[in-house]
C-alpha cells in the first residue's frame, strides 16, 4: 500500500501501489494538481496557456543582480560562487545538525508572464560537489502590484551528506500557497493571477574553501490551464518509436523503504532513469557500491535515493527529478506543460522522449489493468494509427514495460484538469505536466522541436 495522500500537494508527482479510485491495485500518488474551479462545458475548452523562462547563457547570468556570484563562459555557461556575501548557520530539519556556510546570491531580472499564471514551478540544473548546496527562491507579483513573500522552492544538493534535499511546507500569504514544489493561487476562480516574478539563487559552501556549486540552468514555468474534463482530440501525426531502455518499478518492491516506501512508489525515478540512459547517462561501479549487490538494476535504487525529498517523503518532487537528470554529463532537464499529443509528436520526431503524469480509473485506459491517482510514464513513440507507445514502469518485469495505449483515451487522461473518481466525486487531473530531458548541446532539429513547445 502507498503512504497516505498528501493533501498539501497540488500536482500529482509520484505513484505507489495502492487501492486506486476504482478499488483495484495500481499506482497511486498524492492529491491532485488544482483546486476545483468551475465546470466548463465539455465542448467549450479554452486554450491552454504556458510560459517558460530560463536563464542558461553567459549573457543571462551577467544580466541579473549578483552578490558574490560570477558568470562563467564556456561550452556550458554557468553561475559560480566567487566571493562570499556573508556566512550563515543552517539547521537541517531532517538531521538536526547545525553548520555554518558561506553564501552568495544571484537574483534574476523581473520576468512578466506572457499570460498571468495560476501555478508556477521552478526547475534548475546544477553541479553541487560535496561541501556545497543551493537554495532556489521565487517572489511573484500579483496583477494588483502587490507581491508574495520570497518563497523557498527547494533546498537542493546532488548528494545527501551535507544537507538533506528538501521542500519547505507551510509557505502561504492568504492568496497563494507553496505545495511542495508548486506555487499556486489559492482560488483561481476569483480571477487572481501572478503577473510576474523574480528568481533568487543562493549558493552555499563550507567556510574557508574554494568550493562552489555551478548553476547551468534555472527556469520557471508559469501556467493558467483552464479546468476541463475533456480536451479536443488531436490529429495523429507521423509514426516513430524511440529505443528507450525499459525498467519496471515493480522489480524493486520492498527495496530501500526509507525512500518513499520502496520500489512500488518509484514510477518517477524509474521513468527518469530510462530517459537518462537513453541519452547515455551511466552510473559508475563506485556510485552504485552502496546498493545491495543482489538487487537487479541498482541504478533505479540510486535514482530513488538521489531524487528523494525528505520533507515530502517521496521521490516525486518534479524539480528534484529534473535536477537529478542534469547531474549526468551533457543532459539538461526542465519541468513544463504541453498542450496536446501534437507537441509530444514533435518531440518524438526529433528523438526526444518525455515523462508524463496522468491519473485515471482502470476503465478509462484500455490495457493498463490498473487505476491511479497519479502515475509517471515515459512516452517513447506513436504507432501508424497515432496510438501512444509508452514505457510504463508499472509492469511486473522489464520486458512487460512497453505498452500501446489508445490515443484518444491517453490524450484525455493526461491533459484534463478534472475527472470523476469511482464514487462520482470530482477530483483533479494533471493538465499536461511532463519532464523533458535533452542534450546540453541539442541538434538543430531538437532545438527547433523544443522551441515549438516553449523550451529553450
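Of the numbered criteria (1) surrounded by fewer than 12 Cβ atoms within 10 Å (Cβ to Cβ); (2) modelled with pLDDT under 95; (3) not in a loop (DSSP other than H, G, I, E, B), the one residue 89 fails is (2).
Each residue in the range 186-220 was checked for being free of Cβ contacts under 8 Å to residues at least 12 places away in the same chain and outside any loop (DSSP other than H, G, I, E, B), and 1 pass.
Only one residue in 208, 159 is under 26 Å from residue 95 (Cα atoms) and in contact with a helix residue (DSSP H, G or I) (Cβ under 8 Å, 6 or more places away or on another chain), so which one is that? Give the derivation first.
Numbers: 208 fails: in contact with a helix residue (DSSP H, G or I) (Cβ under 8 Å, 6 or more places away or on another chain).
Exactly one of 208, 159 is under 26 Å from residue 95 (Cα atoms) and in contact with a helix residue (DSSP H, G or I) (Cβ under 8 Å, 6 or more places away or on another chain), namely 159.
Can you say whether residue 336 is under 30 Å from residue 168 (Cβ atoms) and touching a helix residue (DSSP H, G or I) at 6+ places or on another chain (Cβ under 6 Å), as far as the supplied structure shows? It is false that residue 336 is under 30 Å from residue 168 (Cβ atoms) and touching a helix residue (DSSP H, G or I) at 6+ places or on another chain (Cβ under 6 Å). For the range 243-264, state whether one or more residues are surrounded by fewer than 16 Cβ atoms within 10 Å (Cβ to Cβ), touching a helix residue (DSSP H, G or I) at 6+ places or on another chain (Cβ under 9 Å) and closer than 25 Å to residue 439 by Cβ. Checking the range 243-264: at least one residue is surrounded by fewer than 16 Cβ atoms within 10 Å (Cβ to Cβ), touching a helix residue (DSSP H, G or I) at 6+ places or on another chain (Cβ under 9 Å) and closer than 25 Å to residue 439 by Cβ.
The number of residues in the range 107-157 that are over 21 Å from the mean Cα position of the chain (by Cα) and crowded, with 24+ Cβ neighbours inside 10 Å comes to 1.
Checking each residue in the range 92-106 for being surrounded by fewer than 19 Cβ atoms within 10 Å (Cβ to Cβ) and assigned to a strand (DSSP E or B) picks out 98, 99, 100. Of the listed requirements (1) farther than 28 Å from residue 72 by Cα; (2) more than 18 Å from the chain's Cα centre (by Cα); (3) part of a strand (DSSP E or B), residue 183 misses just one: (2). Counting the residues of the range 436-451 that are under 13 Å from residue 343 (Cα atoms) and at pLDDT below 95 gives 0.
In the set 82, 73, which member is in the same structural domain as residue 156 (by TED's automatic domain parsing) and in contact with a strand residue (DSSP E or B) (Cβ under 6 Å, 6 or more places away or on another chain)? Step by step, each of 82, 73 is checked, and only 82 is in the same structural domain as residue 156 (by TED's automatic domain parsing) and in contact with a strand residue (DSSP E or B) (Cβ under 6 Å, 6 or more places away or on another chain).
Is the range 264-278 home to any residue that is part of a loop (DSSP other than H, G, I, E, B) and at pLDDT 95 or above? Working first, answer last.
Pass one, the range 264-278, residues part of a loop (DSSP other than H, G, I, E, B): none.
Looking for residues that are part of a loop (DSSP other than H, G, I, E, B) and at pLDDT 95 or above, one finds none in the range 264-278, hence no.
Against the test of being surrounded by 18 or more Cβ atoms within 10 Å (Cβ to Cβ), assigned by TED's automatic domain parsing to the domain that holds residue 250 and touching a residue at least 60 places away in the same chain (Cβ under 8 Å), the options 402, 407 yield a single qualifying residue, 407. Taking the listed residues 118, 141, 146, the one that is assigned by TED's automatic domain parsing to the domain that holds residue 63 and out of contact with any strand residue (DSSP E or B) (no Cβ under 8 Å at 6 or more places or on another chain) is 146, with no other qualifying. When the range 443-453 is filtered for residues that are out of contact with any helix residue (DSSP H, G or I) (no Cβ under 8 Å at 6 or more places or on another chain) and surrounded by 15 or more Cβ atoms within 10 Å (Cβ to Cβ), the ones remaining, listed by number, are 446, 447.
Let's see how each residue does on (1) at pLDDT 95 or above; (2) under 16 Å from the mean Cα position of the chain (by Cα); (3) assigned to a strand (DSSP E or B); (4) crowded, with 19+ Cβ neighbours inside 10 Å:
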| position | (1), (2), (3), (4) |
| --- | --- |
| 282 | yes, no, no, no |
| 306 | yes, yes, no, yes |
| 320 | yes, yes, no, yes |
| 327 | yes, yes, no, no |
| 347 | yes, no, no, yes |
| 355 | yes, yes, yes, yes |
| 358 | no, yes, yes, yes |
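Restricting attention to the range 410-442 and to residues that are part of a strand (DSSP E or B) and in contact with a helix residue (DSSP H, G or I) (Cβ under 9 Å, 6 or more places away or on another chain), the residue that is surrounded by the fewest Cβ atoms within 10 Å (Cβ to Cβ) turns out to be 439.
The values are calculated or read from the model by the stated rules, or taken from the named source; none is laboratory data. Model, not experiment: these values are computed from the prediction. All Cβ positions, even for glycine, are placed from backbone atoms using ideal geometry, and neighbour counts span all protein chains on display.
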